[in-house]
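Take a look at the structure below.
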Amino acid sequence: MILICVRLRPSVVTASFEMSTATELYRSRLVSYEELISKIKSGNSIAFGTWMGQPHGAMRALAKFGRKLDPLYVTTAPASAAGEFLNQPNIVCFSGFLGPFERAARRDQRNVFYTPTHYSDAYQTIRANPPPDFLIVRAAPMDERGFLNLSLASSWTNDALRWWFRNSPETTIVLEVNSHTPRVCGLEQFGNNEIHISQVHFVVEDSTPLIAYSLPEPNEVERAIAANVAGLVEDGATIQLGIGSIPMGIGRLLSARKNLGIHSELFCQSHVDIIEAGSVTNANKGLYDGVSVATFALGEEKLYRWLADNQSFAMLPVEAVNPVPVLARLRQMTSINGILNIDLSGQACAHCLGTQTYSGVGGAFEFAFGAQQSPGGKSIVCLASKTRLKDGREVSNILPRHEAGTRITLPEHCVDWVVTEYGAVRLKLMNLEWRARSLIEIAHPQFRDELTRAAIENGLNFSGLSRLRRPSAQYYSKA
């Protein structure tokens, strides 16, 4: 079944709801940050929105006025800015995705507890776990109908706002209205990426300009990797770009492609580059045809201006974007994500450095596996062949084996295409010996002999490869 997206007139909570009534409701719910923090008690729990849906003003206010709330339980994933409050000893933080603030607090205060979870597991988490005492989310200003827009992050909060309003009367729902935040379109069947003022208990206002998340210009290695990735993207593909300088910087290299679609967890400037090059039609995705979709956006002012009231784009809740059954319905779903390292069996790590959690699973597994369930789909993971450490040493990002205790993001049987600056190889359906041999061929030359020796010492039968047919050319794309 093909789901075609048609934009219908947004429904109104009450047909006779007048703007004057909405304005009165808004004013009656408007409080200062100090008043808001005064309503929070020791032992309470707070869930903050995610990414650009985080209420940075409320987070700063918590650092200023909330030090005596002990303990205070906070859920955030990750703190995209204003995360200094996490280093307060009264805070206990639960997170499914760590950023710099969470990593620092976890190291210094030991007060951050990481939960490994798929991004779309939030739908189940909302229903299975005790509801928070407060849910605080950033929103764009109210319109004449009394609706506030969830703007740059529908994420899990779109569902949480509605579910907890209906089913958890003890949860206080707070929207932080930021005047710089654009109104971003959604789809009718998912609530149009907005919530009515009558479903909000308190409002606070923040006039702070939005944080810009910029990427440096790609270096020579990153440009080579991006070019190798671009060579794997076919006309008609539905693409997803993950977080990282390589996936997020690939857009300009896809300008020659035709009839692309966009279905992505993250929407970034690279997607806009592809769209403005005329390469995107969204005509043949098989799901949400006619619009580009994502569950959050991250970038700079240029991106946010492009998204404002742009009906060629729809911000959707994560449960409508990330789950494997959703991705399997798309045509030629092509996921492009960065990883930190990979071993010679094909086990890839994107969220840990050795035994230490660096970020989170997020949607990495969902898109890697889901893309392979899509008709004509493929999953691509990319990494530089080596890294220079702080002490000046250079190490290979293709490893003989992962360090004991390393938690794997993508298991060996889930990895499809792997790309470095030296080429691309498809591991899917290869035996262990050919996998190792193929990965060594795209490793940095200075480590290839060392990797070969280690593979043999670890028991791989490289000598036996002479009796086997080499995988066909479709498994390789050399630089």
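Heavy-atom accessible surface of segment 126-182, averaged per residue, reaches 31 Å², computed with a 1.4 Å probe.
With contacts taken as Cα pairs under 8 Å and at least 6 residues apart, segment 401-445 reaches a relative contact order of 31 percent.
Rounded to the nearest 500, the helix-only mean residue ellipticity at 222 nm of the chain stands at -7000 deg cm²/dmol, with each DSSP H run of n ≥ 4 adding -39,500 (n - 2.57).
TRP163 to ARG252: extension gain in nm, 0.36 nm per residue of separation minus the Cα-Cα distance? Intermediate values should be presented prior to the final figure.
Numbers: separation 89, 0.36 × 89 = 32.04 nm, distance 3.99 nm.
Gain on stretching TRP163 to ARG252: 28.0 nm.
Length gain on complete extension for the stretch THR281 to LYS68, per 0.36 nm per residue less the alpha carbon to alpha carbon distance? Please list the in-between numbers first.
Numbers: separation 213, 0.36 × 213 = 76.68 nm, distance 5.38 nm.
Value of the extension gain: 71.3 nm.
Could you state the angle between the C-alpha long axis of helix 56-65 and the longest principal axis of the C-alpha atoms of the chain, as a value from 0 to 90 degrees rounded to the nearest 10? With rounding to tens, the tilt is 70 degrees.
Under 20 Å between alpha carbons: how many lysine pairs meet that in the chain, if sequence neighbours fewer than 8 apart on the same chain are excluded? Pairs that pass both the separation and distance tests number 11. What is segment 347-473 by shape, rounded, prolate or oblate, if you read a ≥ b ≥ c off the alpha carbon gyration tensor as root eigenvalues and call it rounded for a/c under 1.5, prolate for a/b larger than b/c, and oblate otherwise? Oblate, because a/c is 1.5 or more while a/b does not exceed b/c.
By the gyration tensor of its Cα atoms, with a ≥ b ≥ c the square roots of the eigenvalues, what is the shape of segment 408-460: rounded for a/c under 1.5, prolate for a/b over b/c, or oblate? Since a/c reaches 1.5 but b/c is at least a/b, the shape of segment 408-460 is classed as oblate. For segment 100-223, the residue among LEU148, PHE113, GLN189 whose Cα projects farthest onto the positive side of the dipole built from Cβ charges is PHE113.
Taking the mean number of other Cβ atoms within 10 Å as a proxy for protection, how do you rank 98-105, 397-404 from highest to lowest?
On the way: 98-105: 20.4, 397-404: 16.9.
Averaged packing, sorted descending, gives the order 98-105, 397-404.
What's the ranking of 437-446, 367-376, 49-58 by average number of surrounding C-beta atoms within 10 Å, highest first?
Values: 437-446: 19.0, 367-376: 21.6, 49-58: 25.3.
Averaged packing, sorted descending, gives the order 49-58, 367-376, 437-446.
Using C-alpha pairs below 8 Å separated by at least 6 residues, the relative contact order for segment 61-121 is 30 percent. For segment 230-354, the fraction of C-alpha pairs farther apart than 25 angstrom is 22 percent. Sequence-distant contacts, meaning Cα pairs under 8 Å at least 6 residues apart, place the relative contact order of segment 353-420 at 45 percent.
From the Cα gyration tensor of segment 117-170, with a ≥ b ≥ c the square roots of its eigenvalues, which class applies: rounded if a/c is under 1.5, or else prolate if a/b is larger than b/c, or else oblate? Spell out each step's value before the answer.
Details: a/c = 2.59, a/b = 1.52, b/c = 1.71.
Note, shape of segment 117-170 comes out oblate.
The C-alpha atoms of the chain define a longest principal axis, and helix 432-441 lies at about 90 degrees to it. The packing ranking, built from the mean of other Cβ atoms within 10 Å per residue, places the peptides 383-392, 426-435 in the order 426-435, 383-392, highest first. Legend: translational diffusion of the chain by Stokes-Einstein, Rh = Kirkwood radius over C-alpha pairs, 4 °C, 1.567 mPa s; D = 55 µm²/s.
The values are calculated or read from the model by the stated rules, or taken from the named source; none is laboratory data. Note that the coordinates shown come from a computational prediction; the quantities given were computed from them, not determined experimentally. Methodologically, a virtual Cβ is constructed for each residue, glycine included, from the backbone with ideal geometry; neighbour enumeration extends over all protein chains shown. To get the accessible areas, we keep the full protein, side chains included, count just its heavy atoms, and leave off ligands, DNA and RNA. Shrake-Rupley method; radii C 1.70, N 1.55, O 1.52, S 1.80 Å.
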